[in-house]
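J.: Sharing a structure below in structure tokens format, with a few things to ask.
What follows is calculated from the coordinates using simple rules that are stated; it is not laboratory data. Since the structure is predicted, the reported quantities are computational estimates derived from the model, not experimental observations. Ideal geometry is used to build each Cβ from the backbone, glycine not excepted, and the neighbour counts take in all protein chains shown.
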Amino acid sequence: MARTIEFTDTEFMIAQGARLIEDGKTIFVGWGIPQVVAMLAQKLYVPNVTQLFEFGAIGPQSVLPFVRGTMGGPQNTYRSFQWLNMNWAFSYSATGYMDYGMLGALQVDPYGNINSTYLGGTFANPERRFAGSGGGNQVASHCWKTIIVIRHEGRRFVPKVDFITSPGYLDGPGAREKAGLPRGTGPHRVVTSKALFGFDRESRKMTLLSILRGVSVEEVVKDMAFRPLLAPEIGEIPPPTDEELRLLREEIDPDRFIIRGAKMSAIA
């Protein structure tokens, strides 16, 4: 008998992201939602993943629950293989050791360029200023596969970002290489609160791969300020499982600092 699962848009994004990571791989973890994605993934799917944090902790086993606003605290350093510094952390990605990077974003464009710096106006005189790069530019520049986690809103999916904080495929095929970035690196997946996107091998443009069960392609596309390419077959993404939601709500983020958000539902 079919039943309905209720969850938030944030919980769906976190569950999606956790399912994408491969066991035995390395992942450079960004601040906020990516931290919770890594926690859920390591707890449930990839016990042998090696996390790297920009402040220098390598291979920690994150202590639960998640503590809001922390990156370099004890929760993210427990049982680390190494605890060095930011230069060492960035050197591991620059020398090709990081399989995945995971970042949040304020805006993203068809080529996967990320803006997390400002909206409107100019760099010197913006309408709204945000946190900026942190280690995001290093992650997007040198990790082999970058996963972007972003809410599915038209104001976030734009034809051209206001500012390139962290590079995607810049303006198309070959542009990363011309800019001096390593061949074979770049955006891999975009996880949203409605869908999952990849990037076309030839054009390097964002491509819709799959959608949340019960959501239509039209609903996904209309909420974007540009039209993505469509995969030949659009897959279906199941909602978060009972165990994913239990871990998120009871062990990882019981105070709902991160997982709160717009309410959603889908058939289990």
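J.: Taking H as built 1.01 Å from N, whose amide H comes closer than 5 Å to the amide H of T26, not counting residues under 5 places away?
T.: Counting only residues 5 or more places away or on other chains, the set is T50, D99, Y100.
J.: I need the shape label for the chain. Rule: rounded when a/c is under 1.5, else prolate if a/b > b/c, else oblate, with a, b, c from the alpha carbon gyration tensor.
T.: It comes out rounded by the Cα gyration axes.
J.: Pull out a ≥ b ≥ c, the square roots of the eigenvalues of the alpha-carbon gyration tensor of region 1-137, then state rounded if a/c is under 1.5, prolate if not and a/b is larger than b/c, and oblate in the remaining case.
T.: The shape class here is oblate.
J.: Mean Kyte-Doolittle hydropathy of 0.5 or higher plus an axial Cα length of 15 Å or more: which whole DSSP H helices in the chain meet both?
T.: 33-44
J.: Explain nothing, just the number: relative contact order of region 61-140, from Cα pairs under 8 Å at least 6 residues apart, as a whole percent.
T.: 19 percent
J.: Of the DSSP beta bridges with both residues in the chain, give the percent that are antiparallel, rounding to the nearest 5.
T.: 50 percent
J.: Can you work out the Karplus-derived ³J(HN,Hα) for every residue in region 122-130? Use 6.51 cos²θ - 1.76 cosθ + 1.60 with θ = phi - 60°, whole Hz, and x for glycine or proline.
T.: Here the 3J(HN,Hα) series is 10, 4, 6, 9, x, 6, 9, 9, 10 Hz.
J.: Now for a separate question. Do any trypsin sites (Lys or Arg not before Pro) in region 228-268 lie in a DSSP loop with no more than 14 other beta carbon atoms within 10 Å, and if so, which?
T.: R256, R260
J.: State whether region 155-258 is rounded, prolate or oblate according to the following rule on the C-alpha gyration tensor (a ≥ b ≥ c being the square roots of its eigenvalues): a/c under 1.5 gives rounded; otherwise a/b larger than b/c gives prolate, and the remaining case gives oblate.
T.: The shape class here is prolate.
J.: Hey, another quick one. Counting only C-alpha contacts under 8 Å and six or more residues apart, can you give the relative contact order of the chain as a whole percent?
T.: Result for the chain is 23 percent.
J.: On to the next question. Give the distance, in whole Å, between the Cα centre of region 89-113 and the Cα centre of region 214-259.
T.: 21 Å
J.: Taking region 186-223, which trypsin sites (Lys or Arg not before Pro) meet the DSSP loop condition and have no more than 15 other C-beta atoms within 10 Å?
T.: Sites meeting the loop and neighbour criteria: R201, R213.
J.: Just to verify a number: FRET efficiency for E22 and Y97, C-beta to C-beta distance, R0 = 22 Å, to 0.05?
T.: The pair E22/Y97 has a calculated efficiency of 0.90.
J.: How big is the antiparallel share of DSSP beta bridges in region 1-143, given as a percent to the nearest 5?
T.: 55 percent
J.: Residue separation times 0.36 nm, minus the C-alpha to C-alpha distance between R129 and Q82: what's the value?
T.: Full extension from R129 to Q82 adds 13.5 nm.
J.: Give a residue-ordered list of calculated ³J(HN,Hα) values for region 161-177 (Karplus: 6.51 cos²θ - 1.76 cosθ + 1.60, θ = phi - 60°; whole Hz; x for Gly, Pro).
T.: Rounded to whole hertz, the list is 5, 5, 7, 8, 6, 9, x, x, 8, 6, 10, x, x, x, 5, 4, 5.
J.: If you place +1 on the Cβ of every Lys and Arg, -1 on the Cβ of every Asp and Glu, and leave all else neutral, what size is the dipole of the chain about its Cα centre, to the nearest 20 Debye?
T.: 380 debye
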